[in-house]
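Okay, so here's the structure we're looking at.
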Amino acid sequence: MRYFETGAIRSSDEGKLDFEGFLHPLFIQRFAEYMHKHRKQEDGKLRASDNWQKGMPKESFMKSGWRHFFDWWKQHRGWKGNDTLEDSICALVFNCQGYLVSILKERGYQEWVDQKDQKTNQKSESTSLDHLKEELVPTPEILSCSVGFVKSGQWKETSVPIVENLGANW
């Protein structure tokens, strides 16, 4: 639990994904500028910002990604690129993102995330600790641990009890 000077209380953020910390605002700003610049189509119309999310073949992301990586690499080596260094990197990031989203969708990752979030929300709605009794049923794994050691030149393992008896009122 986290307790604040104001009296507010929040659950611990330990073990939770830190979206705010993983990305840098300068990166997000520059990437958005790149993406916005490339929304204009050949006919002059502006496509929706999330148009790419409708899906494209992975081969399209791969081929484009290689071209932009090559352009970035040439500039890194001091050669002239076809685009600016920043645009080459943003284009590569776009193609990596598109490819990754494609494979995540193929393996049903979104459904897994939705199920995980649903379970997390159900637990956080509970104000009782009764669910812990069901989740923390004593098992040999909880009540003992494995210990390894060398005896007579050979590796041996044994299970050492941590708690012998929790009693009937667990």
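Taken together, the values in this text are just the output of simple stated rules run on the coordinates, not laboratory data. On a predicted model such as this, the values are computed, not experimentally measured, just so you know. Glycine gets a Cβ as well: all are built from the backbone with ideal geometry, and neighbour counts include every protein chain shown.
Backbone phi angles across segment 102-111, fed through the Karplus curve with coefficients 6.51, -1.76 and 1.60 (θ = phi - 60°), yield HN-Hα couplings of 4, 6, 5, 5, 4, 8, x, 4, 4, 5 Hz in residue order; Gly and Pro are listed as x. Cβ crowding within 10 Å ranks 112, 52 as 112, 52, fewest other Cβ atoms first.
Using a cut-off of 22 Å between Cα atoms, the listed pairs 37/105; 16/116; 54/116; 58/105; 63/105 include 37/105; 54/116 as exceeding that distance.
Ordering 88, 12, 49, 60 by the number of other Cβ atoms within 10 Å of each residue's own Cβ, fewest first, gives 12, 49, 60, 88. Label-to-label distance, residue 67 versus residue 2, with points set 7 angstrom from Cα along the beta-carbon direction: 4.5 nm. Computed over segment 23-109, the P(r) curve from all C-alpha pair distances, binned at 10 Å from the origin, holds 16, 42, 35, 7, 0 percent per bin. With K and R counted +1 and D and E -1, the other residues having a Cβ less than 14 Å from that of residue 64 yield a net charge of -1.
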